């Protein structure tokens, strides 16, 4: 286990691309890249919490600007332009499929404001509009696409939920991909075998599960694991010391880390 970066805030949305790990520091409002030697660079600044990223098939980076209800596109010169109007605040994760469909999710309530629980959903956000394609997910969190299946981590439902992606972008055939017992899945990623890694903040670990929920592997860390990403046999974990939804600082300032784990030797 190797720590690539320390001294960060609430870190989320890690993605491996072009030899770099891209991730977001929600506390700083920054999208950052880091290489395996710890060299890092801020590539975009968006004052948004949450702040999540993914790419279109043409290579453009998409950034969720949650409080302003916008899906931003980063052009090659670094300029940020609005790609889709999401219509309201409160957005969380994003994933883009191979056809360029951008799926974003949001909770049905704001736990940081003490609002009463209400389930959330998944939306398809493209330049021609934003429409809901799944509802009644207790607390939608990390998402991933494998083949033509969208997998959503339901943190409050303690499960991974799967949908078949239809040709028009709709979601169908909802099912429980894995029941996770008491675990609380946050960010997720899929490995080459089709198994899913999920990060679990309260249990301070990342867990690899097969369809049906069989646990295949576990990586423990010393603080809340918020999300994970893969590059071959390397698992990247973004982690921080969680203080709770009611705290002004959701994590202890400066406790955020980016960790690389060699799964062949772990």
Could you check how many residues of the range 67-85 are buried (at least 21 other Cβ atoms within 10 Å of the Cβ) and over 23 Å from residue 41 (Cα atoms)? 2
Does the range 5-14 hold any residues that are assigned to a strand (DSSP E or B) and crowded, with 23+ Cβ neighbours inside 10 Å, and which are they? 8, 11, 12, 13, 14
Subset tally (residues that are outside any strand (DSSP E or B), farther than 14 Å from residue 101 by Cβ and touching a residue at least 24 places away in the same chain (Cβ under 8 Å)) for the range 138-155: 2
Is at least one residue of the range 75-91 under 22 Å from residue 186 (Cα atoms) and part of a helix (DSSP H, G or I)? no
Take the conditions assigned to a strand (DSSP E or B) and out of contact with any helix residue (DSSP H, G or I) (no Cβ under 6 Å at 6 or more places or on another chain) and apply them to residue 173. Does it pass? yes
The lone exception for residue 125 - which of (1) over 18 Å from residue 60 (Cα atoms); (2) in a strand (DSSP E or B) it fails: (1)
Kindly indicate the residue of the range 158-194 that is more than 18 Å from the chain's Cα centre (by Cα) and at positive phi and also surrounded by the most Cβ atoms within 10 Å (Cβ to Cβ) among those meeting that condition. 169
Counting residues that are surrounded by fewer than 16 Cβ atoms within 10 Å (Cβ to Cβ), which strands (runs of 3 or more DSSP E) fully inside the range 20-66 reach at least 2? 40-45
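We did not get these values from a lab; they are worked out from the coordinates using the rules stated. Only a predicted model underlies this, so the values are computations on that prediction, with no experimental measurement involved. All Cβ positions, glycine included, derive from the backbone under ideal geometry; neighbour counts span all protein chains shown.
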